1. Above 19 angstrom, tally the Cα pairs of the chain and express them as a % of all pairs, no decimals.
2. Modelling each spin label as a point 7 Å along the Cα-to-Cβ direction, I'd like the Asp61/Arg29 distance in nm, to one decimal.
3. Quick one: 3J(HN,Hα) in Hz for region 20-30, Karplus 6.51/-1.76/1.60 with θ = phi - 60°, rounded, Gly and Pro as x.
4. From the cross-link list Lys7/Lys56; Lys18/Lys56; Lys18/Lys54, which pairs have alpha carbons spaced over 18 Å apart?
Amino acid sequence: MSAQNKKNRAQQKFSHRKGPINFARIRARLATSKENNEPHTQASMFVETRQSTKEKSLDEDTLDVIVHLQAENKKSKESAIRDFQSIFGKEKAGRVRCHGRVTTLALLKKNEEIATLK
């Protein structure tokens, strides 16, 4: 089991660097720091969760992706979404990157509809 876990961990490209702090807590902290509590994009969450809290250096692949995503994030929200999908590929069924384990695409759409009705 340990050997299989090592193999799976070695296949991951970009590791989460916030320790025990989960995506929901990070998203809530970032939302309160914004003026209008606007939700963050996947690209901004990726950048936030991959930066080291102990100022350790990042590998070159992660740095390249972060620089690219930050440049696209400044252009427009739609281009940032397309760029994020072009880098990381299509989402797997039942998963949404940078949203944690329990968030699904259907849940996100439902929450958007509720927010627009309010």
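1. Working: 3828 of 6903 pairs.
For the chain, the share of Cα pairs beyond 19 Å comes to 55 percent.
2. Simple spin-label model gives 2.6 nm for this pair.
3. Result, ordered by residue: x, 7, 8, 5, 5, 5, 5, 4, 5, 5, 5 Hz.
4. Values: Lys7/Lys56 24 Å; Lys18/Lys56 12 Å; Lys18/Lys54 9 Å.
Pairs exceeding 18 Å: Lys7/Lys56.
FYI, it's all coordinate maths here, none of it is from the lab. Keep in mind that this is a model prediction, so the values were computed, not measured. For neighbour counting, all protein chains shown are included, and Cβ atoms are generated from backbone atoms with ideal geometry for every residue, glycine included.
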